[in-house]
Amino acid sequence: MPLNETLARVDADLAAGRIPIARQRLRGLISSFPHDLTLRRRLAGIYRLYDDAAEAGRWMYLEEDRNADETAAFEARYGSPGWRMKALAWHGPEAGAATAFARGQLAAVRTACAEELGHPVDWDDPGSYRDDLIEEHESPSEPWTVGGVLVGIGLLVAVLAFLAVWVNGLITLFD
């Protein structure tokens, strides 16, 4: 589907309140047109509707007029340069960026990743920065909640009931 037609559908989805569909369409467009900064800006606007500063910062990262709090949230969520490279979803050399600021941002992220890994990395070769993506990211342990315990007990009872019926059926089958 052509870019203009898809953007018209995005506008129609937004007007109809179908924000998740509009977001999905824009993400698809960005994967097809990674150098189009206006698409990234529009997607950041959608994430602002969700109050997701990190994702808004992700998609505005290449813009000079970006929000500092959103940028900080993005950098905190995607803590390493390798994760930022993956998150930015850029393809091709930095020279393909529309603005000098975007070229500088892309070069800074790539250079930081290369320095951290100790070898050159390339936007078009995720394998070159994959070492940075493999690092362990353990989610923080949260205490058990009453609801979580009840759900676990309910699942255990359901599994035991299923097994009891199944075993009973097997015994009846061979009697």
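Within segment 9-34, the set of residues being open to solvent by less than 50 Å² (accessible area, probe 1.4 Å), β-branched (Val, Ile, Thr) and more than 23 Å from Gly92 (Cα to Cα) comprises Val10, Ile19.
Of the residues contained in segment 91-101, one or more are found to be of a type in the set (A, V, I, L, M) and at pLDDT 95 or above. The set of residues in segment 27-40 that are in a helix (DSSP H, G or I) and closer than 17 Å to Gly96 by Cα comprises Leu29, Ile30, Ser31, Ser32, Leu37, Thr38, Leu39, Arg40. Taking only pairs six or more apart or across chains, which ones have beta-carbon atoms under 8 Å, a first residue in segment 1-26 that is touching a residue at least 12 places away in the same chain (Cβ under 8 Å), and a second residue that is open to solvent by 50 Å² or more (accessible area, probe 1.4 Å) and β-branched (Val, Ile, Thr)? Going by the 8 Å Cβ cut-off, the qualifying pairs are Asp13/Ile21. Among the criteria (1) modelled with pLDDT of 95 or more; (2) of a type outside the set (S, T, N, Q); (3) farther than 28 Å from Thr111 by Cα, the one Gly17 does not fulfil is (1).
Among the residues making up segment 17-26, a single one is at negative phi and not in a helix (DSSP H, G or I): Arg18. Taking the conditions exactly as written (open to solvent by less than 20 Å² (accessible area, probe 1.4 Å) and within 19 Å of the chain's Cα centre (by Cα)), does Leu37 satisfy them or not? It is true that Leu37 is open to solvent by less than 20 Å² (accessible area, probe 1.4 Å) and within 19 Å of the chain's Cα centre (by Cα).
The values are calculated or read from the model by the stated rules, or taken from the named source; none is laboratory data. Being a predicted model, the structure only gives us computed values, none of them experimental. Cβ: placed from backbone, ideal geometry, glycine included. Neighbour counts: every protein chain shown. The protein model used for the area step is the full one, side chains on, heavy atoms only, and it has no ligands, DNA or RNA in it. Shrake-Rupley method; radii C 1.70, N 1.55, O 1.52, S 1.80 Å.
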